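Worksheet: the structure to be examined is printed underneath.
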Amino acid sequence: AEMNRLDPVTVDDAIAELSAGREVPLPEADAADEFERFFPDFVLGLDVVKEELARGRVIKASNEGGSTGPLDFSRLDETGRRRARQLLEIWGSVENAMKQTRSDRFRETIEALLDGLGFTDVRLSDVREVTPGTLRRFIIRCDQVRPDGWFLPPAFGSVAEGHYRGAVVRGDIRPEQILRVIGAEAPDQPWIIVILRRMNVIERRVLAQKARSEARQVVVLDESLLLRLCVRGEDPLAGLFACALPFGWVQPYVTRAGAIPPEMFFGRKEEMSQILARDGGGCLIYGGRQLGKSALLNHIRIERHRPNSGELVIYLDIKPVGGVGMGPECIWDEIRHELKTYRDLSSGSQDANDVVRIIEKWLTGDPSRRLLVMFDEADNFLRAEHAGGYPN
């Protein structure tokens, strides 16, 4: 029944899965997503009315759970209405701060706006007025954004590590002027731009065209998007990125083997549970080239290495071990070298038994401690071990 709405490649994959006796994970039905709810209809709807979108009327509607113009707050709970009111009030404070010369007041309002959107531990620095009263740029530092149930490109997540360039624009500055500032300041970094007015549909399309042609990683928050986030009532940060990212440029894919950003790692849950099982007794991971073996190990290391909690996950590439001039017993020196960065596990001896004793002593010191060591490129080691009867 679902085949008619699928493309040929998906149909072919589905047939292969069915032939192998497996379940077919079909794509979700074509339901409107958050971006489609915002653009273009929501933006067009805001252009039709003027008086009904006066900030006082919008704040009043948010307080009462009512509506004004196309904005309907009736389905929001108390928390959602309070968040909407705070965002609207902060937006007004940013407008006022842009008219003032006090950089400390401006910094406070931008930090409050980003905090209201869902960023945490926000700190602004290097605030500079590019055009007096019209454009200010700055550097944003905050906690790394870690999505919960929604997708964020690595450029704004694990790659950015909570470090963005930012700017606030007041007045009728055109999108191409904003992109020129980005190109002059930091063209390869992610930007968060606040525009203190409502952009229309044509302006947004121009922004998307130029940002993509110049490969600019930019998220633009204008008053139209702010209003959408206010009536949305759910996680504003997820809504911000869902509605703003399509107007910029991102490249989330990687071609290099091994480590990939955690946002781009999907599936492999069963394999990860086997590797992480305390009673697993070890695992052998095998398969052809470029199937994701190294990516799996690197992902586990990134997600589960927690030294402060007594959980160490170590990843070692041991391709030379077991090869010419480097016997399989050298694996213990590789382990010792990696563990020496941890004070309680440091050993000056290269003897395998000494390394084992130090590890055992550390593990028995606290029953919650754990050491998981993962060896990549182990072909030479396993071949040499097999020839020698597995002495190591």
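Some notes on this structure:
- All positions within the range 364-392 that are loosely packed, with under 14 Cβ neighbours inside 10 Å and under 24 Å from Arg278 (Cβ atoms): Thr364, Gly365, Asp366, Pro367, Ser368, Tyr390
- Applying the criterion of being modelled with pLDDT under 80 and open to solvent by 90 Å² or more (accessible area, probe 1.4 Å) to the residues of the range 22-50, the residue that is nearest to Leu88 (Cα to Cα) is Lys50.
- Within the range 362-389, residues that are free of Cβ contacts under 8 Å to residues at least 60 places away in the same chain have Cβ atoms under 7 Å from residues that are among the charged types (D, E, K, R) in these pairs: Trp362/Asp344; Trp362/Arg369; Leu363/Arg369, counting only partners at least 6 apart in sequence or on another chain.
- Pick from the range 297-307, criterion more than 18 Å from the chain's Cα centre (by Cα) and assigned to a helix (DSSP H, G or I), ranking: farthest from Gly157 (Cα to Cα): Pro307
- Taken over the range 337-364, residues that are part of a loop (DSSP other than H, G, I, E, B) and more than 23 Å from Arg301 (Cβ to Cβ) amount to 4.
- For the range 246-271, a residue qualifies if it is among the charged types (D, E, K, R), in a helix (DSSP H, G or I) and surrounded by 14 or more Cβ atoms within 10 Å (Cβ to Cβ), and the qualifying residues are Glu263, Glu271.
- Number of residues in the range 160-176 that are out of contact with any Leu (no Cβ under 6 Å at 6 or more places or on another chain), at pLDDT below 95 and farther than 20 Å from Phe106 by Cβ equals 3.
- Scanning the range 327-336 for residues that are over 12 Å from Val373 (Cα atoms), in contact (Cβ under 8 Å) with a residue 40 or more places away in the chain and surrounded by fewer than 22 Cβ atoms within 10 Å (Cβ to Cβ) returns Gly327, Glu329.
- Asp344 meets all of the listed conditions (1) modelled with pLDDT of 95 or more; (2) loosely packed, with under 15 Cβ neighbours inside 10 Å but one, namely (1).
- Subset of the range 148-169 [open to solvent by 10 Å² or more (accessible area, probe 1.4 Å), in contact with a Lys or Arg (Cβ under 8 Å, 6 or more places away or on another chain) and over 14 Å from Gly248 (Cβ atoms)]: His163
- Some residue of the range 263-284 being under 27 Å from Gln144 (Cα atoms) and aromatic (Phe, Trp, Tyr): yes
- Taking the criterion of being surrounded by fewer than 13 Cβ atoms within 10 Å (Cβ to Cβ), on the phi < 0 side of the Ramachandran plot and not hydroxyl-bearing (Ser, Thr, Tyr), the residues of the range 123-147 that qualify are Arg123, Arg128, Pro132, Asp143, Arg146.
- Yes/no for Ala215 being modelled with pLDDT of 95 or more, among the hydrophobic types (A, V, I, L, M, F, W, C), assigned to a loop (DSSP other than H, G, I, E, B) and surrounded by fewer than 22 Cβ atoms within 10 Å (Cβ to Cβ): yes
- If you check Ser19, Ser62 for being in contact with a helix residue (DSSP H, G or I) (Cβ under 6 Å, 6 or more places away or on another chain) and modelled with pLDDT under 95, only one passes: Ser62.
- Condition met for Lys319 (touching an Asp or Glu at 6+ places or on another chain (Cβ under 6 Å) and open to solvent by 50 Å² or more (accessible area, probe 1.4 Å)): yes
- Whichever residue in the range 55-83 is in contact with a Leu (Cβ under 7 Å, 6 or more places away or on another chain) and small (Gly, Ala, Ser) and, among such residues, is surrounded by the most Cβ atoms within 10 Å (Cβ to Cβ): Ser62
- Of residues in the range 102-122 being of a type in the set (S, T, N, Q) and either open to solvent by 20 Å² or more (accessible area, probe 1.4 Å) or more than 15 Å from Val168 (Cα to Cα) (or both), the one modelled with the lowest pLDDT: Ser103
The values are calculated or read from the model by the stated rules, or taken from the named source; none is laboratory data. This one's a predicted model, so the numbers in the text were calculated from it and none came from an experiment. As a convention, Cβ positions derive from the backbone with ideal geometry for all residues, glycine included, and neighbour counts pool all protein chains shown. For accessibility, only protein heavy atoms count, side chains too; no ligands or nucleic acids. Shrake-Rupley method; radii C 1.70, N 1.55, O 1.52, S 1.80 Å.
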